[in-house]
Every structure is written in structure tokens, then in C-alpha cells.
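Structure in C-alpha cells, see below.
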Amino acid sequence: MGICPTELLKLVIRPTLEYLGDYSEAAENLLLATAAMESQLGFHIAGEASGLGVYQIHPRSHQRLWDRYLAQDPDLASRVRGLASQHEFLSHPHEELATNLRYATAIAWMMYKRKNKPLPVPSDIEAMGKYWRRHFHSRPHGSVNEFVARYQSLVDNRHLAA
């Protein structure tokens, strides 16, 4: 069993998006669905393909995001860096993806945000799956159908209404 979707949403995803000034229902649902697809909501935090954390972000992707996107916006980079651990980030930055839920959420959101594309309607899980497949990983390891199935089996919509 992974992390309770309601708690992940209310205690991690929503406050992180609000902190970054990017809150929307579509963004929070996309991130929750991404965590469901990538790690079964945290059931696995070290993936088969070396992805880390609830979003299974590969260290190379993490480094590229910093070098090619966040480095271009020092204020945004500073806000994201503010979520990382003070000492561990300096010596083991990629481990933050597995051990720091708010930081990992910010990085996952930045992976989407850097594409600068409009988000799907929050209730359209199939469109979210297509968006994930197109924008989250350079080589997604799953299908849109699997994305929808994971969302339906792991995320209880009744919990998301609050």
C-alpha cells in the first residue's frame, strides 16, 4: 500500500502548488494521477529504471530540469530550492526526490510547467493520461490506458472533494 491519496493531496501537493503560486485543481489532480501511475502512490520509491520518489524522476531528468529550465529563472529556482533539505541537497540532491515529498512534488510540477502547455480538464483522466505521456517523461514506460486504470484503482474521487 502506498500513501493515502487524500493526505498526499491535502498535505503535500496542494500546499506545494500554493507555495509555488501555481495552484489549480487541474495541476493537483495531474500530480496525484502522476504519483498513482509512477509509483502506485509511493508503494515504490526506487523504480526499476532508477527513477526516484513518488513521481519516479530519474536523476538525469532532475539535473536537466535544473540546468535547462530552473537556471533560467533564479526566483523560481530559489523557491524550489527552498523546499529542499538544507544540508542533504548539497551532497545528495537526487535523494531529495525519494525522501522529501514537497521537493519531489515541486520538481514533478516543474517537469510539466516547463512545457508551457494548457492543462486538461481536471476530471478528464484520459486527457490527463495523454498529457502525462506527452510531457512528463521523454520515454514513458506506460500507456494512457494504464494511467487511467491506476488512477481509478488507487485514487478514490470521494476523497478529493474536500
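Give the separation of the Cα centroids, the range 41-83 to the range 89-112, in Å.
Rounded to whole Å, the Cα centres lie 5 Å apart.
Would you mind checking the tilt of helix 144-154 against the longest principal axis of the Cα atoms of the chain, expressed as 0 to 90 degrees and rounded to 10?
Taking the Cα atoms of the chain, the angle to 144-154 is about 80 degrees.
Compare the Cα positions of Leu32, Pro74, His92 along the charge dipole of the range 20-162 (+1 at Cβ of Lys, Arg; -1 at Cβ of Asp, Glu; about the Cα centre) and return the one farthest towards the positive end.
Pro74
Turning to a different aspect of this structure: In debye, nearest 20: dipole of the range 1-92 around its Cα centre with unit charges on the Cβ of K, R (+) and D, E (-)?
Roughly 180 debye for the range 1-92.
Using a 10 angstrom cutoff on alpha carbons, build the Gaussian network for the chain and name the most mobile of Asn145, Asn29, Asn100.
Asn145
Give me D for the range 12-94 in µm² s⁻¹, whole number, from Stokes-Einstein with Rh from the Kirkwood sum over alpha-carbon pairs, 37 °C and 0.692 mPa s.
237
With runs of 4+ DSSP H residues as the only contributors, calculate the mean residue ellipticity of the chain at 222 nm using -39,500 (n - 2.57) per run, divided by the residue total and rounded to the nearest 500.
Helices in the chain give a 222 nm mean residue ellipticity of -15500 deg cm²/dmol.
Can you give the Rg to Rh ratio of the range 5-160, both from alpha-carbon atoms, with Rh computed by the Kirkwood formula?
Reported Rg/Rh (Cα atoms, Kirkwood Rh): 0.93.
Moving on to the next point. What are the GluC sites (Glu not before Pro) within the range 15-107 that DSSP puts in a loop, where the Cβ has at most 13 other Cβ atoms within 10 Å?
For GluC sites (Glu not before Pro) across the range 15-107 that sit outside H, G, I, E and B with at most 13 neighbouring Cβ atoms in 10 Å, the list reads Glu48.
Only counting other Cβ atoms within 10 Å, I'd like Phe147, Phe43 sorted with the fewest neighbours first.
Phe43, Phe147
So which residue, out of Asp22, Asp75, Asp124, gets the largest mean-square fluctuation from a GNM of the chain using Cα contacts under 10 Å as springs?
In this elastic network of the chain, the residue with the biggest mean-square fluctuation among Asp22, Asp75, Asp124 is Asp75.
Enumerate the calculated ³J(HN,Hα) couplings along the range 120-137 in order (Karplus 6.51 cos²θ - 1.76 cosθ + 1.60, θ = phi - 60°), each rounded to whole Hz, writing x wherever the residue is Gly or Pro.
x, 4, x, 8, 8, 5, 5, 5, 4, x, 5, 5, 4, 4, 7, 10, 8, 10
To the nearest 20 Debye, how big is the dipole of the chain about its Cα centre, given +1 on the beta carbon of each Lys and Arg and -1 on that of each Asp and Glu?
Charge dipole of the chain: 440 debye, to the nearest 20.
Separate question: Would you please report the Å³ per residue occupied by the convex hull of the alpha carbon atoms in the range 68-148?
Expressed per residue, the convex hull around the Cα atoms of the range 68-148 is 119 Å³.
Any read-out appearing in this document is the output of simple, stated calculations on the displayed coordinates, not a laboratory observation. Just so you know, these numbers come straight off a predicted model, no measurement behind them. A quick note on method: Cβ atoms are made from the backbone with ideal geometry, for glycine too, and the neighbour counts reach across all protein chains shown.
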